[in-house]
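Please read the structure below before turning to the comments.
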Amino acid sequence: MADAKGDEVLAEGQMPLGRWPILSYGVGHMLNDITSACWFTYLLLFLQEIGLAPRDAAIVMLSGQVADGLMTILAGEMIDRFGHFKLWHIGGSILVGISFSSVFGGCLLCTVLGTDSYLVRTIGYSFFAAVFNIGWAATQVSHMSMVNCMTLNSTSRVALASCRNAFTMVANLGLYAIALVVFALVSAKYRWIAYVSIFVGCCFLVVFYAGTKEPTLQSGSDCKKSARISWGYWFKKALYYQVALLYMLARLITNVSQSLIAFYVTRDLKMNEYSKAIIPAIIFCCSFLVSVVLQEIKWNSRRLKSLLTIGAILWVIAGAAVFVLPSQMHNLMYPLAMVIGAANALVMVTTIGLESALVGDDLNGCAFVYGSLSFLDKMSCGIALFVLESYEDSISCGETRGLYTVSRFGTGLIPSCFAVFALLVTSTLKLQDTNPRAAAAALEAPLLV
C-alpha cells in the first residue's frame, strides 16, 4: 500500500507543470528583483546626495550585504530541515517592503529620536539596510529552493527557472522605466522610485501566492527525506568550490558594475541625469533578449563552458573600453551597454546552470547550496564596494575627474579583472555528461511550455 502511494506521488511529480503554475512561480521574485535593481543602482548615489560620505555610504551597503550573507546560510539550513517555503517567502517579502521604504523614505531612526545627527543617520540607514537584506535573503533562498521540489519533471524545472529569469529582466526594465518617469516629474525622486517599486512588486506577489502551491514533493520517496545531506558532503566535492568561485565572480562582475554605473555616466562621461536610467535599461534589455535566445539551446558541458568563456571575454573587452572611454565620446556608451548586457546574460545563465548541475538530484541539500553560494556573493560584493568607496574619499574630491576614478575602476577595469579570473577557473572545469537529460537541465526548454 505504501509502495503504491509512493509510486503515485512519483508519477504525479513526473507530470509536466501547466502554464499557470510556471507563470505564477516566475513572478514570485519580482519584489526582490525590482528592489534589488534600485538598491544596487541608486543606493550609493542616494546616500551621497543626502550628505553621507562615500565611505559611510559603503558602510550602509556593507551592513546589508553582511546581514544578507548570514541570512542565506540560516534560511538554507532551516528550509532544508523544516520546509515551509511559502512561509519564509511571505515573511521575507514583508521585511523587504517595510525596510526598503524606510531606507529611501528617510531616516526613521532620526524621526523617532528627534535628531538629525550624522552618526544617527548612518546607524539608522545601516539598520534598515540590514533588515532589508535579511528579508531579501529569506525570500530568495525559499524561492530558488522551491524549483527542485515543485516537480520531478526536468523540462518543467527548466521552464520554472527560465520564467523566473525572464521576469527578473522584466523587473529591472520596469524599475528603469519608473526611474525615467520619476526623474522627469518628481523632485523627491528616489523616494518615489522606491514606493512605486514596492507597489508593483507586491501586485506580482499576489499572483504568486494565489497560483503557487506549497511544494509537497519532499514527502515523497524520490526526495529521500530520511537521508538528509550534510554540509560536509558538498565540501568534499571539487565542483562545489569551482561553481562557488564562478558564481561569486559572476555576481561581482554584474553587481559592482551596476552599483557604480550611475556615477560613471553622470560624473565621468558628463551625460545627463536620464542616462542613470537609460544606460542600465539598455543593459538589462540586451540581457533579456540574450536570455530568451539561450532558452532554445540544447545544453551540454562543452557548450556550457564555451558560452561562459564567451561571456567573460566580452566583459574583458567591454570593461577595458569603459575604463578608457573619454567623456567627449560618451555616445559610445550605448553600444558598450549592449555588449555588457549580452555578457551579463551569458555569465549569469551559465553559472546558474552550473549551480543546477552541482545540485543534480541531491534535493535535501539544495537550499544549503543556494544559500552558501549566495553568502559568498553577498559578502564579496559588500567588501568590494566598501573598499572602492573608501578609496573614493582620497581620489575624487576635486572637480576634475581623470582616468583613475573609482567609478571608472568599478564599472570597467575591476569587472574585467574578475572576468579574466573567471576564464582561468572555467578552464579547470571538468564536467561529464553522464546523464544527457540532466546535462540539458540548465535552460534546455523554451521560456514557457
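Solvent-accessible area of Y233, all protein chains in place: 90 Å² (probe radius 1.4 Å, heavy atoms, ligands and nucleic acids excluded). For segment 233-431, the fraction of 1.4 Å probe accessible surface lying on carbon and sulfur atoms is 69 percent. Each residue of segment 124-129 was assigned a 3J(HN,Hα) from its phi angle through the Karplus curve 6.51 cos²θ - 1.76 cosθ + 1.60 (θ = phi - 60°); the sequence is x, 5, 5, 4, 6, 5 Hz, with glycine and proline shown as x.
For the pair L429 and Y118, the difference between a 0.36 nm per residue extended length and the Cα-Cα distance amounts to 107.1 nm.
Here the Karplus curve 6.51 cos²θ - 1.76 cosθ + 1.60, taken at θ = phi - 60°, turns the phi angles of segment 336-341 into couplings of 5, 4, 5, 5, 4, x Hz, with x standing for Gly and Pro. Averaged over its residues, segment 34-89 has an accessible area of 30 Å² per residue, based on protein heavy atoms and a 1.4 Å probe. Across segment 81-95, in residue order, what do the Karplus-derived ³J(HN,Hα) couplings come to in whole Hz, using 6.51 cos²θ - 1.76 cosθ + 1.60 with θ = phi - 60° and x for Gly and Pro? Rounded to whole hertz, the list is 7, 10, x, 6, 4, 5, 5, 5, 5, 5, x, x, 5, 4, 4. Put simply, segment 14-214 fits an ellipsoid with semi-axes of 32, 19, 13 Å; these come from the alpha carbon gyration tensor as the roots of five times its eigenvalues, largest first.
Computed with a 1.4 Å probe on the full set of protein chains, the accessible area for F386 sits at about 50 Å². About the centre of its Cα atoms, segment 233-431 shows a dipole size close to 520 debye [charges on the beta carbon of Lys, Arg (+1) and Asp, Glu (-1) only; nearest 20 debye]. Per residue, segment 233-431 exposes 38 Å² of solvent-accessible protein surface, assessed with a 1.4 angstrom probe and all protein chains in place. What the pair-distance distribution of segment 233-431 shows, using all Cα-Cα distances binned every 5 Å from zero, is 1, 8, 16, 19, 19, 15, 10, 7, 4, 2, 1, 0 percent.
The values are calculated or read from the model by the stated rules, or taken from the named source; none is laboratory data. Small disclaimer: the values here were computed from a predicted structure and weren't measured. So basically every Cβ, Gly included, is an ideal-geometry build from the backbone, and we count neighbours across all protein chains shown. These accessible areas exclude ligands, DNA and RNA; they are computed on the full protein's heavy atoms, side chains included. Shrake-Rupley method; radii C 1.70, N 1.55, O 1.52, S 1.80 Å.
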